[in-house]
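This report concerns only the one structure given below.
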Amino acid sequence: DAKTTQPPSMDCAEGRAANLPCNHSTISGNEYVYWYRQIHSQGPQYIIHGLKNNETNEMASLIITEDRKSSTLILPHATLRDTAVYYCIVRMGGNQFYFGTGTSLTVIP
Amino acid sequence: EAGVAQSPRYKIIEKRQSVAFWCNPISGHATLYWYQQILGQGPKLLIQFQNNGVVDDSQLPKDRFSAERLKGVDSTLKIQPAKLEDSAVYLCASSLAPGGYGYTFGSGTRLTVV
C-alpha cells in the first residue's frame, strides 16, 4: 500500500515555481523518497529521489524535512509541458514501487 | 538509448475474449515488471521477473492472467478470458537490477473490454 499522502490537484502559473507537497509520516530510516510523474498517455517518468539530504537535478529539487516525515518537490520554472500527475513514493532499495493516486498538476498559461 | 517498447498501443476486445500484450525491455535490463493502471489510479504491480524467473506474482489474478519471459528478454502478458474490470492501461517497466537504477516505464497498452 502507498505510504504517502498528496493533495489530489494543484494549479501553477507558467513560469512560476511549482511546489508539490507529500506527507510520509510513517517512513522508516532506510526508505527513500522517490518522485515520478506521468504525462497523459505515457508511462511514469523518474524525476528525483533522496534519503535525507535535499537533492537537485536538471528537472527538479527535492526538499526533505529534517524528521523525514514530509517532502516537497519543486519545479523551479513550470512550463505547460509539466502538466502531469506527480507521484510521491517511499521505498526501500530493491522493493517494488507502491503508487498512490498522486497530485494532478495543471500549469496555466 | 532505446526505451521500453510495448505493443499494441491500444486494444479493444469483447468480454470473455483473450488478449496478449508484448514488452521489450531496455537492453541489458535483467528485471522486468508488469503493472496495471486503472483510470484515476496509480499503477499497481502485477508481476516481477528477474531474468526469466518470477520474483513476485502475488498480485497477479492467476485464474485469468498469465505472463512469461522466455529467454529473459521479451515478455508477454495474457488475459484469458477478459472481464469488463480488466479495462486499464498495462505498463511494462525494466531495470538493471530489482528496483535498481534505470527503472524505466514503457508507454503502455490501453485495453478496453466491452
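Observations
- Considering (1) within 11 Å of the chain's Cα centre (by Cα); (2) in a loop (DSSP other than H, G, I, E, B), the lone condition that B:Leu77 does not fulfil carries the number (2).
- The residues of segment A:25-36 that are crowded, with 16+ Cβ neighbours inside 10 Å and more than 11 Å from chain B (Cβ to nearest Cβ), listed by number, are A:Ile27, A:Glu31, A:Val33, A:Trp35.
- Of the strands (runs of 3 or more DSSP E) lying entirely inside segment B:1-74, those carrying at least 2 residues that are touching a Ser or Thr at 6+ places or on another chain (Cβ under 8 Å) are B:5-7, B:10-13, B:19-24, B:31-37, B:44-50, B:65-68.
- Residues of segment A:62-77 include at least one that is surrounded by fewer than 19 Cβ atoms within 10 Å (Cβ to Cβ), of a type in the set (D, E, K, R) and out of contact with any His (no Cβ under 8 Å at 6 or more places or on another chain).
- Segment A:78-100 - residue that is part of a loop (DSSP other than H, G, I, E, B) and at pLDDT below 95 and, of those, surrounded by the fewest Cβ atoms within 10 Å (Cβ to Cβ): A:Gly94
- Put simply, of A:Leu73, A:Leu62 the only residue that is assigned to a strand (DSSP E or B), farther than 27 Å from B:Thr109 by Cα, touching an Asp or Glu at 6+ places or on another chain (Cβ under 6 Å) and at pLDDT 95 or above is A:Leu62.
The values are calculated or read from the model by the stated rules, or taken from the named source; none is laboratory data. Values in this document were obtained by computation on a predicted structure and should not be read as measured data. Counting neighbours? That spans all protein chains shown, and the Cβs are built from the backbone with ideal geometry, glycine included.
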